[in-house]
1. Give me the accessible area of Ile65, 1.4 Å probe, in Å² rounded to the nearest 10.
2. Rolling a 1.4 Å sphere over the protein heavy atoms, what is the accessible area per residue of the chain, to the nearest Å²?
3. May I have the extent of the alpha carbons of region 83-176 along their three principal axes, as whole Å values ordered from largest to smallest?
4. With a bin width of 10 angstrom, please list the P(r) values of region 4-93 as percents of all Cα-Cα pairs, from the 0 bin to the one holding the largest distance.
5. For the charge dipole of the chain, defined by +1 on Lys and Arg C-beta atoms and -1 on Asp and Glu C-beta atoms about the Cα centroid, which residue among Pro72, Ala39, Asn176 has the Cα displaced farthest towards the positive pole?
6. What 222 nm value per residue comes from the helices of the chain, counting each DSSP H run with n ≥ 4 as -39,500 (n - 2.57) and dividing by all residues, nearest 500 deg cm²/dmol?
7. Please work out how much length the chain gains when fully extended from Arg36 to His85, using 0.36 nm per residue of separation minus the C-alpha to C-alpha distance, in nm with one decimal.
8. What's the center-to-center distance, using Cα atoms, between region 98-159 and region 64-87 in Å?
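The values are calculated or read from the model by the stated rules, or taken from the named source; none is laboratory data. In this text the structure is predicted, and so the values were computed from the model without any measurement. Glycine gets a Cβ as well: all are built from the backbone with ideal geometry, and neighbour counts include every protein chain shown. Protein only, heavy atoms only, side chains kept; ligands, DNA and RNA dropped before computing areas. Shrake-Rupley method; radii C 1.70, N 1.55, O 1.52, S 1.80 Å.
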Amino acid sequence: MKDVGEEMAQQMRNRNWMKNYKELIDDAFSDEEVKRFVAKNQMSQSELARSASKVYEFVTIKRQIENGEVTPAPGYQPQLVYNNHLIDVSYVPSDELVKNQKLAEIKSRVRTLNMPKAIRNAQLADFDIVGREEIAQAAVDFIDGYTTNPNKFIKGMYIQGSFGVGKTYLLGAIANGLAEEGFRSTMLHFPSFAVEIKNAIGTNSVIGKIDSIKKSPVLMLDDIGADQLSSWLRDDVLGIILQYRMQEELPTFFSSNLSLKDLLTQYLTVNNRGEAEPLKARRIMERIIYLSKEYTMIGKNRRHS
Ligand code: ADP
Ligand code: MG
């Protein structure tokens, strides 16, 4: 036999629930946007009744967004759609989501290896140009030239200058400028890359690593000359990368504390065992000169200011 008391209680709960439900739905239909939508589509009572749950969904999510609450699909805005005489809700990405997705896409075009995080936000517009007009102009000219015709070879820049003047910052700004126009580049801290590649010797991944670097449409080797080079790194890593880029005419940038002349004598010529190999050094130098034009960056040391 049924438990009458329990059944009555159940009915009471349902009645309450029905009452609540009706209030919720009435409330949802009182939303101004919903009212305009219903009027515009001249919907019948039965159509409205069958659309109730969708209208409720629309208004609930809309209010969650207005109150800054987390919605089931963050970044998406509900929209009323009239579909087969019923109301449906579709979700469209909000302007902010679209903007963030665009920014993420731009950032994804710049591949960085062991680069400081701050470089990711470097902008040419923020580059301090006083006394550095020539180098700033060269950066702008490169971006203009490359984005106008990426298949025509343009020399990159060899930026020399003392510690903290903003060489790496400028490289980052160029990479970001290219990314905004849809072009990919790779920036790597050369001394860290050298250590990484040395550590990879036992793992068979050396060739893959070198390949992915050498083929980057635009490559920036940051801080070259800051470490000590072995003959292997010079000839079989750096040499291979530069040889490929020269053959394929791919723009390549460098930053260094050393001038080209000092790079040759102090970095490329003497290997880490102290042996002088001037001919091999010259070969690397010829490639650097083919790929880039030397600029000297002056300025204050921003790391101490
Ligand atoms: P370098 O590579 O010549 O040693 P960096 O590019 O690393 O120098 O610059 C030194 C510091 O100054 C970094 O923290 C960098 O982010 C900052 N910096 C350089 N140029 C600018 C700039 N134009 N606007 C803002 N910060 C800058
Ligand atoms: Mg630097």
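1. Probe radius 1.4 Å; accessible area of Ile65 about 60 Å².
2. Values: 17480 Å² over 305 residues.
It amounts to 57 Å² per residue over the chain.
3. 70, 31, 27
4. Per 10 Å bin, starting at 0, the Cα pair percentages come out as 16, 41, 26, 13, 4, 0.
5. Sorting the options by dipole projection puts first Asn176.
6. Details: 10 runs with 144 residues, N = 305.
The per-residue figure over the chain is -15500 deg cm²/dmol.
7. Stretched out fully, the Arg36 to His85 stretch lengthens by 16.1 nm.
8. What the calculation gives is 39 Å, centre to centre.
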